[in-house]
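Here's the structure, in structure tokens; my notes come after.
The values are calculated or read from the model by the stated rules, or taken from the named source; none is laboratory data. Just so it is clear, the model here is predicted, and its values are computed rather than measured. Because the Cβ atoms are built from the backbone with ideal geometry, glycine has one as well, and the counts that use them run over all protein chains shown. Accessible surface is based on the protein model in full, side chains and every heavy atom, while ligands, DNA and RNA are left aside. Shrake-Rupley method; radii C 1.70, N 1.55, O 1.52, S 1.80 Å.
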Amino acid sequence: MAETDELAALLGAELDADIRDLARLSAGASRETWAFSADGDPLILQRSRFVAAPGTGVDEPAILRHAHAGGVTVPEIVAASSGADHPIGAQFTISRRLEGESIARKILRDGEFAVARERFVADCARELVAIHALDPEPVCDGLPAVDDPVAAQRATYDTLDDPHPVFDLAFRWLDAHRPDPRPHRVVHGDFRMGNFLIDADGITAVLDWELAHIGDPVEDLGWLVARAWRFRGDGEVGGLGTRGELLDAYAAAGGFEISPDELRWWEVLASLRWGVITMFMGGEHRSGTTRSVEQATIGRRVVETEYDLMLLLRPELQTAR
Amino acid sequence: MTNERTNWPHDVPDARELVEAVRDYLRDDLGPRAEGRDRFILRVAANALSIAAREIAALPADAADHAERLAALGVESEQALSDAIAAGAFDDRMPELGDALWATTLAKLAVANPAYRDEASEP
């Protein structure tokens, strides 16, 4: 209670407003989300206790403001601070609270989202084209650059020191079949079902920009179609629609033409990336860094990505089965 | 239930049956009475115990099959297989390697999450 009262006082001073209904929505090891109203306006606070080392972190307020100005559907920032010794948090954003649902299970199945489901692939394509059309120049100082996404995952995999032969096969295939590089753009980095707010009419906000970076834009499409984000839906794009429909919608919205082979390469990398993340999370439990039954069980999801990779690499495996 | 493992030093209920008993309590008794995050965590915990019970049941046969597959590929360990694949040693043994990796992957998935299989998409 004391923490809530103290934060309410800080927010009141920051916004020069009457703060009501302050409540914590979620809390991670380094990041918290709070909801409140200021003079009756519904707002969201996201704050981090730590700031990443210079050159490695994401300046979220800067990228969110840039995305908003560029027509990406993101919440409007009301106040923010990054890299400063501010009493609210080392880095924080206060943004308008938008209506919408983020829980995939409800979006994929509840009747009220029937129209939003029909529009989902086109909505995703429109947002991706808007993100990839942003001028990287004004934000490149606040975003890490990823020049070799395969090497980045390989480095993490090697650090974990837990052999998975299917991953080694996938790394070898990725290395040998790199598509022609695209000009580097702003990449969202975690553009997937679960990170959108959606109402009856479609996407109302693209959230969770903390993995944004400068890199090859097709990465965002590969991540979006990975099976991890289908939540048992039948479709390939977050459980809704096909890969082909996404590529067509992306081109129709003003994006470039992407071949199914190029998308497949990025989907293999996306599956591998999720596999490495699940290995990492299971490892965090085993090492004692973050002990929890949830974290431990995620460690046993690694084989799901091995299975996905075996299916994706079927043509290369040339099995007699 | 009779104890078929007459050479086993321990009594029954065996490890698998004990794990399943706790799983059933969390899932069927405690879970429905819990709320919010506790309810979610109890579901996750019951699932973790289901994985453990399946692993206990499958382990003897899975371990033997896995050792046999590694031997057939000519490697001594999972680490050695990883290193050999990364070094390109299996580039021209693809059908053989693919079959072995499929078998290992399906055995692991049958324990960790059997519902994940999408047999219509399998080769």
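The table for this structure:
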item	result
Positive minus negative residues near A:ARG105 (Lys, Arg vs Asp, Glu; Cβ under 12 Å)	+2
Rounded, prolate or oblate (a/c below 1.5 giving rounded, otherwise prolate when a/b exceeds b/c) for the stretch A:2-96 by Cα gyration tensor	oblate
Coil-residue trypsin sites (Lys or Arg not before Pro) of the stretch B:1-87, DSSP, other Cβ within 10 Å capped at 10	B:ARG5
For A:ARG300, net neighbour charge (Lys/Arg +1, Asp/Glu -1) across residues whose Cβ lies under 11 Å away	+1
Relative contact order %, chain B, counting alpha carbon pairs below 8 Å whose residues are six or more apart	21
Estimated vicinal HN-Hα couplings, Hz - the stretch A:130-144 in sequence order (Karplus 6.51, -1.76, 1.60; Gly, Pro = x)	5, 5, 6, 8, 4, 6, x, 3, x, 10, 5, 5, x, 10, x
Listed residue (B:TYR25, B:ALA103, B:ALA58) projecting farthest to the positive dipole end of the stretch B:15-115, Cβ model	B:TYR25
Heavy atoms of A:HIS177 accessible to a 1.4 Å probe, total area in Å² rounded to 10	90
Number of partner chain Cβ atoms within 10 Å, mean per residue of B:85-93	3
In the stretch B:15-104, GluC sites (Glu not before Pro) in a DSSP loop with at most 14 other beta-carbon atoms within 10 Å	B:GLU35, B:GLU76
Where chymotrypsin sites (Phe, Trp or Tyr not before Pro) in DSSP loops with at most 14 other Cβ within 10 Å are excluded, longest remaining stretch of chain A	A:51-255
Where labels lie 7 Å past Cα in the beta-carbon direction, separation of A:ARG232 and B:VAL12 in nm	3.3
Ellipticity estimate at 222 nm from DSSP helix runs (n ≥ 4, -39,500 (n - 2.57)) divided over chain A, nearest 500	-13500 deg cm²/dmol
R0 of 51 Å, Cβ-Cβ distance B:ALA89-B:LEU30: FRET efficiency to nearest 0.05	0.50
